[in-house]
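First up is the structure itself, then whatever we jot down about it.
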Amino acid sequence: MTDIHKFGGASVRDAQAIRRVAEILQQHSDQKAARLLVVSAMAKTTNALEEIAQAGFAGKTEESFGMLNRLRSWHEAVVEELFAERPKEKQSLLAELNDLFVEAEWLLEEEPPQNYDFFYDQLIPLGELLSTRILAAWLKTEGLPVVWLDARDFIRTDDSFREAHILWEETISRCRQQLTPLLKENKIPLTQGFIGSTSDNYNSTLGREGSDYTAAVLAYALDARCVHIWKDVPGVLTADPRIFENPPRLDRLSYREAIEMTYYGAQVLHPKTIKPLQNKNIPLEVRSFLQPERAGSLIQNEAEETYPPIISIKRQQALLQISTRDFSFVAEQHISLLFQHIARLHLRVNLMQNSAISFSLCLSDQDGKIERLVEEIQELFKVQVQRHLELINLRHARPETREEVLKNRLVLLEQRLGNTVQLVVKKLEKVKYKN
Ligand code: ADP
Ligand code: ASP
Ligand code: MG
């Protein structure tokens, strides 16, 4: 039996947090189950690496080296702090980190390839490789039988760089070959979330915040007993605590509730995490690394119970109103044509609605793709675009929840299905009083 523990960016953000991971693992050992650890890059590292990738791709080598050096100093400072009294371990760990940085420098020195997404994926895994090297070294000094493993050896994906899909058969067989023997010996394999490799052995990544998904993929491949995801919140809350004051915690929730709320913007988990777990009925516990003794929120196969109102907000949305130019009805061939463009651009449609001669779509507004879509379709359709919007998803909503959430927001589109209300809204700025 195996339990998977996933530690996100916040739980390995600095030396103190890394020490806490060791304490949690020492307190949570269960003779009956082996443990496998999945770890993200230290907080904000991936954002920093994205900036480095952008500068590198734009040929700004000096700028990218400057940023890479700052990242290096920051990681080295954490090592200095952790291993101040263990010079031998410190030297060998610093040498390991140095090798990783040298590889990144080589990449930045070369002529960048044509494809940015490919370039991005060759550089970005550095964050997870660094954090896992540091954490593995620390846990070993704390007496835990940890074995560092490179996730690229067993997480196999296709070559949809930055949003790679798991090649399940190969991943499952590699996981069983490489991980099961270690688990049987009661070793603790420690590996990276978020990263994988293609059949040509290029790096790939599973989409931002994808480490939760890696934990679920490994749980599926190894028929794990349970997944524990350690966060800086006490569990899954009914709303984003950065936007709402003291939203209550959900002690238990169904896979369905979890997938709906995360798909629509509850950033506590990557939405792809739920499917592999649901498919094998593996429970997921989201719990706090700040209060490790407290039980977290348990996501599993629950009978649909009554829930309090749950609010998710998806930002960076665009609303497109697409109308036929000649007043003809919106017909299947129009919709099918539109969706061909949308699929090719990998745009994500979050909501849609049609009328006689128009079709409205709420889409995630990223990477200049909305502009590209408009350009491609405007010969055939009249297109009106509103940007910088939010998509609010209210589940189990009561009228007063709706009212509270919509304060200072203008509703542009509203849909209701059962007890779920979805609203595309514009956040209103305060209007200056003029006399
Ligand atoms: P990590 O990267 O450390 O795994 P994340 O920062 O990606 O963790 O996710 C945890 C954060 O998600 C919390 O700090 C919290 O601010 C935010 N969050 C947004 N919506 C919710 C929600 N409904 N419940 C709990 N946390 C939420
Ligand atoms: N480090 C990656 C990110 O920040 C993956 C993750 O943390 O889940 O997106
Ligand atoms: Mg994260």
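Across the stretch 198-235, what is the total count of residues that are more than 16 Å from ligand 2 (Cβ to nearest atom) and either basic (Lys, Arg) or over 26 Å from ASN393 (Cα atoms) (or both)?
Here is the first cut: in the stretch 198-235, the residues more than 16 Å from ligand 2 (Cβ to nearest atom) are 198-202, 220-226, 234-235.
Then keep just the ones that are either basic (Lys, Arg) or over 26 Å from ASN393 (Cα atoms) (or both); that gives 198-202, 220-226.
Here the count works out to 12.
Residues that are within 15 Å of ligand 1 (Cβ to nearest atom), more than 15 Å from LEU130 (Cβ to Cβ) and either aliphatic (A, V, I, L, M) or buried (at least 18 other Cβ atoms within 10 Å of the Cβ) (or both): does the stretch 27-48 have at least one?
Of all residues in the stretch 27-48, those within 15 Å of ligand 1 (Cβ to nearest atom) come to 37-48.
If we keep only those that are more than 15 Å from LEU130 (Cβ to Cβ) as well, we get 37-38.
Now drop any that are not either aliphatic (A, V, I, L, M) or buried (at least 18 other Cβ atoms within 10 Å of the Cβ) (or both), which leaves 37-38.
Yes, that holds for at least one residue.
For THR205, all conditions in the list (1) farther than 30 Å from ASN115 by Cα; (2) within 15 Å of the chain's Cα centre (by Cα); (3) hydroxyl-bearing (Ser, Thr, Tyr) hold save one; what is the number of the exception?
(1)
Confirm whether GLU293 is at pLDDT below 95, on the phi < 0 side of the Ramachandran plot and more than 16 Å from ligand 1 (Cβ to nearest atom). Spell out the reasoning first.
Working: at pLDDT below 95: yes; on the phi < 0 side of the Ramachandran plot: yes; more than 16 Å from ligand 1 (Cβ to nearest atom): yes.
Taking the combined requirement at face value, the residue satisfies it.
Is it true that GLN340 is surrounded by fewer than 16 Cβ atoms within 10 Å (Cβ to Cβ) and more than 20 Å from GLN422 (Cβ to Cβ)?
Working: surrounded by fewer than 16 Cβ atoms within 10 Å (Cβ to Cβ): yes; more than 20 Å from GLN422 (Cβ to Cβ): yes.
For GLN340, the condition - surrounded by fewer than 16 Cβ atoms within 10 Å (Cβ to Cβ) and more than 20 Å from GLN422 (Cβ to Cβ) - is met.
Give all pairs with beta carbons closer than 6 Å in which a residue from the stretch 99-125 that is of a type in the set (A, V, I, L, M, F, W, C) meets a residue that is exposed (fewer than 15 other Cβ atoms within 10 Å of the Cβ); count only pairs at least 6 apart in sequence or on separate chains.
Here the result reads PHE119/PRO113, each pair linking the stretch 99-125 to a residue that is exposed (fewer than 15 other Cβ atoms within 10 Å of the Cβ).
Which residues, counting only those in the stretch 139-167, are part of a helix (DSSP H, G or I) and in contact with a strand residue (DSSP E or B) (Cβ under 9 Å, 6 or more places away or on another chain)? Spell out the reasoning first.
Here is the first cut: in the stretch 139-167, the ones part of a helix (DSSP H, G or I) are 139-141, 151-153.
Scanning the stretch 139-167 gives LEU139, LYS140, ALA151, ARG152, ASP153.
In the stretch 38-57, which residue that is part of a helix (DSSP H, G or I) and β-branched (Val, Ile, Thr) is farthest from ligand 3 (Cβ to nearest atom)?
Residues of the stretch 38-57 that are part of a helix (DSSP H, G or I), as a first pass: 45-57.
After this cut, where a residue has to be β-branched (Val, Ile, Thr) as well, the list is 45-46, 52.
Details: THR45: 11, THR46: 8, ILE52: 18 Å.
Here the answer is ILE52.
Being out of contact with any Pro (no Cβ under 7 Å at 6 or more places or on another chain), touching a residue at least 12 places away in the same chain (Cβ under 8 Å) and within 16 Å of ligand 3 (Cβ to nearest atom) is the filter; apply it to the stretch 236-258 and report the residue that is nearest to ILE392 (Cα to Cα). Reasoning before the result, please.
Quick first cut of the stretch 236-258, residues out of contact with any Pro (no Cβ under 7 Å at 6 or more places or on another chain) only: 236, 240, 242-246, 250-258.
Of the ones still in play, those that are also touching a residue at least 12 places away in the same chain (Cβ under 8 Å) are 236, 240, 243-244, 250-258.
Next, from what is left, pick out any that are within 16 Å of ligand 3 (Cβ to nearest atom): 236, 240.
Working: VAL236: 18, ASP240: 12 Å.
Checked the stretch 236-258; the qualifying residue nearest to ILE392 (Cα to Cα) is ASP240.
Does at least one position in the stretch 172-184 carry a residue that is aliphatic (A, V, I, L, M), within 16 Å of ligand 3 (Cβ to nearest atom) and over 17 Å from LEU49 (Cα atoms)?
Initial filter on the stretch 172-184 (aliphatic (A, V, I, L, M)): 172, 179, 182-183.
Now narrow it down to the ones that are within 16 Å of ligand 3 (Cβ to nearest atom): none.
For the stretch 172-184, residues aliphatic (A, V, I, L, M), within 16 Å of ligand 3 (Cβ to nearest atom) and over 17 Å from LEU49 (Cα atoms): absent.
TYR263 versus (1) hydroxyl-bearing (Ser, Thr, Tyr); (2) more than 21 Å from LYS314 (Cα to Cα); (3) within 14 Å of ligand 1 (Cβ to nearest atom): which is the lone unmet condition?
Of the numbered conditions (1) hydroxyl-bearing (Ser, Thr, Tyr); (2) more than 21 Å from LYS314 (Cα to Cα); (3) within 14 Å of ligand 1 (Cβ to nearest atom), the odd one out for TYR263 is (2).
If a residue must be more than 24 Å from the chain's Cα centre (by Cα) and among the small types (Gly, Ala, Ser), how many such residues does the stretch 76-132 contain?
So the count comes out to 4.
Hey, could you check the stretch 302-339 for residues that are within 24 Å of VAL424 (Cα to Cα) and polar (S, T, N, Q) and say which is farthest from the chain's Cα centre (by Cα)?
The qualifying residue farthest from the chain's Cα centre (by Cα) is THR324.
Determine, yes or no, whether PHE339 is out of contact with any strand residue (DSSP E or B) (no Cβ under 6 Å at 6 or more places or on another chain) and farther than 24 Å from PHE244 by Cα.
Working: out of contact with any strand residue (DSSP E or B) (no Cβ under 6 Å at 6 or more places or on another chain): yes; farther than 24 Å from PHE244 by Cα: yes.
In short, yes.
Between a first residue in the stretch 336-357 that is among the aromatic types (Phe, Trp, Tyr) and a second residue that is at pLDDT 90 or above and surrounded by 14 or more Cβ atoms within 10 Å (Cβ to Cβ), which pairs have beta carbons less than 9 Å apart while being 6 or more apart in sequence or on different chains?
Between residues of the stretch 336-357 that are among the aromatic types (Phe, Trp, Tyr) and residues that are at pLDDT 90 or above and surrounded by 14 or more Cβ atoms within 10 Å (Cβ to Cβ), the close pairs are PHE339/VAL349.
Which condition number does PHE359 fail, the rest of (1) farther than 27 Å from MET261 by Cα; (2) surrounded by 12 or more Cβ atoms within 10 Å (Cβ to Cβ); (3) more than 30 Å from the chain's Cα centre (by Cα) being met?
Only one criterion in (1) farther than 27 Å from MET261 by Cα; (2) surrounded by 12 or more Cβ atoms within 10 Å (Cβ to Cβ); (3) more than 30 Å from the chain's Cα centre (by Cα) is unmet by PHE359, namely (1).
Just checking, how many residues over the stretch 58-81 are at pLDDT 95 or above and either touching a Leu at 6+ places or on another chain (Cβ under 9 Å) or within 16 Å of ligand 3 (Cβ to nearest atom) (or both)?
Looking only at that region, the number is 10.
For ASP367, all conditions in the list (1) in contact with a helix residue (DSSP H, G or I) (Cβ under 6 Å, 6 or more places away or on another chain); (2) free of Cβ contacts under 8 Å to residues at least 12 places away in the same chain hold save one; what is the number of the exception?
All conditions are met except number (1).
For the stretch 222-334, give me every one of the strands (runs of 3 or more DSSP E) that falls completely inside it and has 2 or more residues that are surrounded by 18 or more Cβ atoms within 10 Å (Cβ to Cβ) and among the small types (Gly, Ala, Ser). Talk me through it step by step, then tell me what you get.
Numbers: elements: 226-231, 252-254, 284-288, 297-300, 310-324.
Once the strands (runs of 3 or more DSSP E) in the stretch 222-334 are filtered for at least 2 residues that are surrounded by 18 or more Cβ atoms within 10 Å (Cβ to Cβ) and among the small types (Gly, Ala, Ser), what remains is 310-324.
The values are calculated or read from the model by the stated rules, or taken from the named source; none is laboratory data. If you're wondering where the values come from, they're calculated on a predicted model, not measured in any experiment. Heads up, the Cβs are rebuilt from the backbone with ideal geometry, glycines too, and the neighbour counts pull from every protein chain shown.
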